[in-house]
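Trainee: My questions will all concern the structure given below.
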Amino acid sequence: MTIHIGAKPGDIAETVLMPGDPYRAKWAAETFLTDVRLVNEVRGMLGYTGTWNGHKVTIQGSGMGMPSLSIYANELLRDYGAKTLIRIGSCGGMQPEVKVRDVIIAMTATTLGSPSDSIFREVNFAPCADWSLLSAATEAAKGFDVDVHVGGIYSSDTFYAERADLDEQMVRHGILGVEMEAAELYTLAARHKARALAVLTVSDHLQTGESLPSDQRERSFGDMVEIALQAAFA
């Protein structure tokens, strides 16, 4: 057990999917895994372990934002021996060609700041996905009836941002979408010599104002989870 994860030794798989919402972790585990059991409920941040096509998988909520994800990713990597962490979550579309319900596979994750800034000091570290996961997810996505975009995303440290000028520069430089966790996930994976990827469903769009109705989110998120699972075990 760690401070934030109450799982026992052996409870956590080497492959962990990390949605921000603990109830999305519950839904994904019950929908896609077999022999599912609850392995963590400390502070209500639910984690489940089961099997997918014979492979042991853990789905652990990470909370919102890089500081929260950093806690869970650190403990999973350092104390539970996780080797592959894949974020499955929602994001806001930023480019005109990116539509609501599309899937973004994040090659890189730009950020204004993360919990790792104090380590790098004056250096601008460039967080990027693991190539084997990125290529496997891109290949897996071809089997789904969903539009997929591969490229850079922006990990913001604020949800209610008021920097229209910053958004304009992200769009200008080809950033596909915005979320709040992937940059720190990629940084921690590099530090611990693990694999990391973010597979994201576009739930709203910063330019058009369109958003995915709540009753349609689970159906749309299913493709994202399947792509992540196939990539993990390709």
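Trainee: Given that compact globular proteins tend to follow 2.2 N^0.38 Å, what is the ratio of the alpha-carbon Rg of the chain to that value? Intermediate values should be presented prior to the final figure.
Mentor: Working: Rg = 16.4 Å, N = 234, 2.2 N^0.38 = 17.5 Å.
In units of the 2.2 N^0.38 Å rule of thumb, it is 0.94.
Trainee: Shifting gears a bit: Take each of the peptides 50-61, 78-89, 149-160, average the number of other beta-carbon atoms within 10 Å over its residues, and list them starting from the highest. Intermediate results must be reported in sequence, preceding the final value.
Mentor: Working: 50-61: 20.2, 78-89: 21.8, 149-160: 18.3.
Descending packing order for the listed peptides: 78-89, 50-61, 149-160.
Trainee: I've got another one for you. Any aspartates and glutamates with Cα under 14 Å of the K142 Cα? List them, leaving off those in the same chain fewer than 8 positions away.
Mentor: Here the aspartates and glutamates satisfying the reach criterion relative to K142 are D102, D223, E226.
Trainee: Just tell me which aspartates and glutamates come within less than 15 Å, Cα to Cα, of K8; anything on the same chain fewer than 8 places away is out.
Mentor: E41, E75, D79
Trainee: On to the next question. Rounded to the nearest 20 Debye, what is the dipole magnitude of region 15-232 about its Cα centre when Lys and Arg each give +1 and Asp and Glu each give -1 at the C-beta?
Mentor: On the way: 19 positive and 28 negative charges, 151 e Å.
Using only the charged Cβ atoms, the result is roughly 720 debye.
Trainee: For the chain, what proportion of DSSP beta bridges, expressed in % and rounded to the nearest 5, is antiparallel? Display every interim value, and only then the final one.
Mentor: On the way: 17 of 43 bridges.
DSSP beta bridges in the chain are roughly 40 percent antiparallel.
Trainee: Another one. Quickly work out the R163-to-D35 label distance, labels modelled 7 Å from Cα along the C-beta direction, and quote it in nm with one decimal.
Mentor: The modelled label-to-label distance comes out at 4.7 nm.
Trainee: Oh, and also: Cα-based Rg of region 1-55 per 2.2 N^0.38 Å, rounded to two decimals?
Mentor: Values: Rg = 10.6 Å, N = 55, 2.2 N^0.38 = 10.1 Å.
Ratio of Rg to 2.2 N^0.38 Å for region 1-55: 1.05.
Trainee: Can you give me the distance in nm between label points at D215 and S135, each placed 7 Å from the Cα along the Cα-to-Cβ direction?
Mentor: About 4.4 nm separates the two model spin labels.
Trainee: Okay, moving on. Compute the relative contact order of the chain as a whole-number percentage, counting only Cα pairs closer than 8 Å that sit 6 or more residues apart in sequence. Each step should come with its number before you reach the end.
Mentor: On the way: 513 pairs, mean separation 59.2, N = 234.
So the answer I get is 25 percent.
Trainee: Can you find, among A137, S118, T34, the residue sitting farthest towards the positive end of the charge dipole of the chain, where Lys and Arg contribute +1 and Asp and Glu -1 at Cβ?
Mentor: It is T34, whose Cα lies furthest towards the positive end.
Trainee: What FRET efficiency, computed as 1/(1 + (r/R0)^6) with R0 = 22 Å and r the Cβ-Cβ distance, is obtained for F120 and R78, rounded to the nearest 0.05?
Mentor: Details: r = 19 Å, r/R0 = 0.86.
For R0 = 22 Å, the calculated efficiency reads 0.70.
Trainee: Report relative contact order for region 1-109 in percent, whole number only (criteria: Cα-Cα under 8 Å, sequence separation at least 6). Please list the in-between numbers first.
Mentor: Numbers: 186 pairs, mean separation 34.0, N = 109.
In percent, rounded to a whole number, it is 31.
Trainee: Same structure again: State the percentage of accessible surface on the chain attributable to carbon and sulfur atoms; use a 1.4 Å probe and exclude ligands, DNA and RNA. Mind dumping the intermediate values first?
Mentor: Details: 5570 of 10980 Å².
The nonpolar share, carbon plus sulfur, comes to 51 percent.
The values are calculated or read from the model by the stated rules, or taken from the named source; none is laboratory data. This is a predicted model, so every value here is computed, not measured. A quick note on method: Cβ atoms are made from the backbone with ideal geometry, for glycine too, and the neighbour counts reach across all protein chains shown. Note: areas computed on protein heavy atoms with side chains; ligands, DNA, RNA excluded. Shrake-Rupley method; radii C 1.70, N 1.55, O 1.52, S 1.80 Å.
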